[in-house]
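Read the structure below first, then the notes.
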Amino acid sequence: MIQAVLRGNQRPGGDIKCELHSEGMTTLFKHALGSVSTTGSNPYTHVISGASSLPVGLQFEKGFTDIAQYFLYKGCRINTLNMNFPQEGLVNATFSILAREEAVTTAPQDATPTYASVDPIVSFNATLYEGAGLGSAVALGTVVEANFSVENNSREDQFVIGSRLRYNRPEGRRVVTGSITVYYDDLTLSTTFVNGTQASFNIVCTTAGANPVAFEFPQIQYAGGSPTPVIADDGPIQITLPFQTERYETWDTDIRITFVNTEATI
């Protein structure tokens, strides 16, 4: 029989799934990418860029208000960001978190949280533009859906003798990948894929009464999958183009997200 069951190291973490808003989410994106530059004055423009290192960390609270139990996750870092732009429905984001420790309390960190004052962004509010730069890109009207992920490849098993808690969660090399699915109406995108030509595109989201959110991929390569259209049935033909970003020397980054909102600081 088993004499005793002994405890091992603690590995707290999990996912936060949310709808995309133009306000209230900038801190999450900053911790997923690394750096932010703010200009302007109400509305403020926040340019969040992929950097060589991530911020020190942050904490999250999960509250069960009816029984006054609150789970506090300390020393958190965002390991993965996944964004999905479906053909129909809400644009959504998933932030995968690695935490150092979990604590249970009977009082919240913030008893009066601030709720979003603008509606979430729906896919028909988004437009995909091909080309670098928000001012010079050309809209693609045949995109069915798009998605991308930011993998920070944090080290999950940084433990030391004498403690059950993670000593650190250092980030590794960032990898940004994704795919777009388009209706096949000419050879332009598939030729770019086959020839291995560097490309770029942006996804710009706007809603009535809210300021825009822009996702910029200034230098990408289409890779993986197949650019050859497949006739699956008697309906419209679609092709899916996976891509991976590269470092864009002019910006010294591989991804940039711009929020225009009423938040003075992030």
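Considering only the range 45-70, how many residues are within 17 Å of the chain's Cα centre (by Cα), aliphatic (A, V, I, L, M) and on the phi > 0 side of the Ramachandran plot? It would help to see each step written out before you state the result.
First pass over the range 45-70, keeping only residues within 17 Å of the chain's Cα centre (by Cα): 46-55, 57-58.
Subsequent filtering for residues that are aliphatic (A, V, I, L, M) retains 47-48, 51, 54, 58.
Among the residues that remain, those that are also on the phi > 0 side of the Ramachandran plot are: none.
Adding up the residues that qualify gives 0.
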Log entry, pairs with first residue in the range 228-249 being within 30 Å of R174 (Cβ to Cβ), second being assigned to a strand (DSSP E or B) and open to solvent by 50 Å² or more (accessible area, probe 1.4 Å), beta carbons closer than 6 Å, six or more apart or on different chains, reads Q238/Y183
Per the list (1) under 21 Å from the mean Cα position of the chain (by Cα); (2) small (G, A, S); (3) on the phi > 0 side of the Ramachandran plot, residue check on A214 breaks on (3)
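Report, by residue number, each residue of the range 206-222 that is out of contact with any Gly (no Cβ under 9 Å at 6 or more places or on another chain) and modelled with pLDDT of 90 or more. I'd like the intermediate steps shown before the answer.
Pass one, the range 206-222, residues out of contact with any Gly (no Cβ under 9 Å at 6 or more places or on another chain): 206-215, 219.
Once the filter is applied, which keeps residues that are out of contact with any Gly (no Cβ under 9 Å at 6 or more places or on another chain) and modelled with pLDDT of 90 or more, the range 206-222 yields V213, A214, F215, Q219.
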Could you list all residues from the range 1-55 that are hydroxyl-bearing (S, T, Y), in a loop (DSSP other than H, G, I, E, B) and open to solvent by 30 Å² or more (accessible area, probe 1.4 Å)? S41, S52, S53
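Taking the range 245-266 as the search range and keeping residues that are farther than 30 Å from Y115 by Cβ and out of contact with any Gly (no Cβ under 8 Å at 6 or more places or on another chain), which one is least open to solvent (accessible area, probe 1.4 Å)?
Initial filter on the range 245-266 (farther than 30 Å from Y115 by Cβ): 245-254.
When the remaining residues are screened for being out of contact with any Gly (no Cβ under 8 Å at 6 or more places or on another chain), the result is 245-252.
On the way: T245: 16, E246: 57, R247: 139, Y248: 53, E249: 142, T250: 106, W251: 71, D252: 97 Å².
So, considering only residues that are farther than 30 Å from Y115 by Cβ and out of contact with any Gly (no Cβ under 8 Å at 6 or more places or on another chain), the one least open to solvent (accessible area, probe 1.4 Å) is T245.
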Of (1) of a type in the set (V, I, T); (2) more than 19 Å from S53 (Cα to Cα); (3) in a strand (DSSP E or B); (4) open to solvent by less than 60 Å² (accessible area, probe 1.4 Å), T192 fails just (3)
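Among the listed residues V104, V122, V175, V138, identify the single one that is within 19 Å of T258 (Cα to Cα), surrounded by fewer than 16 Cβ atoms within 10 Å (Cβ to Cβ) and β-branched (V, I, T). Explain how you work it out, then say what you get.
Numbers: V104 fails: within 19 Å of T258 (Cα to Cα); V122 fails: surrounded by fewer than 16 Cβ atoms within 10 Å (Cβ to Cβ); V175 fails: within 19 Å of T258 (Cα to Cα).
Of V104, V122, V175, V138, the one residue that is within 19 Å of T258 (Cα to Cα), surrounded by fewer than 16 Cβ atoms within 10 Å (Cβ to Cβ) and β-branched (V, I, T) is V138.
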Filter the range 74-101 down to residues that are among the charged types (D, E, K, R) and touching a helix residue (DSSP H, G or I) at 6+ places or on another chain (Cβ under 9 Å) and give me whichever is surrounded by the most Cβ atoms within 10 Å (Cβ to Cβ). R77
If you go through T114, T191, the only one that is farther than 30 Å from G57 by Cα and of a type in the set (S, T, N, Q) is T191
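The values are calculated or read from the model by the stated rules, or taken from the named source; none is laboratory data. Keep in mind it's a predicted model, so treat the numbers as computed, not measured. With ideal geometry, Cβ positions are generated from the backbone for all residues, glycine too; neighbour counts draw on all protein chains shown. The accessibility values were calculated without ligands, DNA or RNA, using every heavy atom of the protein model including side chains. Shrake-Rupley method; radii C 1.70, N 1.55, O 1.52, S 1.80 Å.
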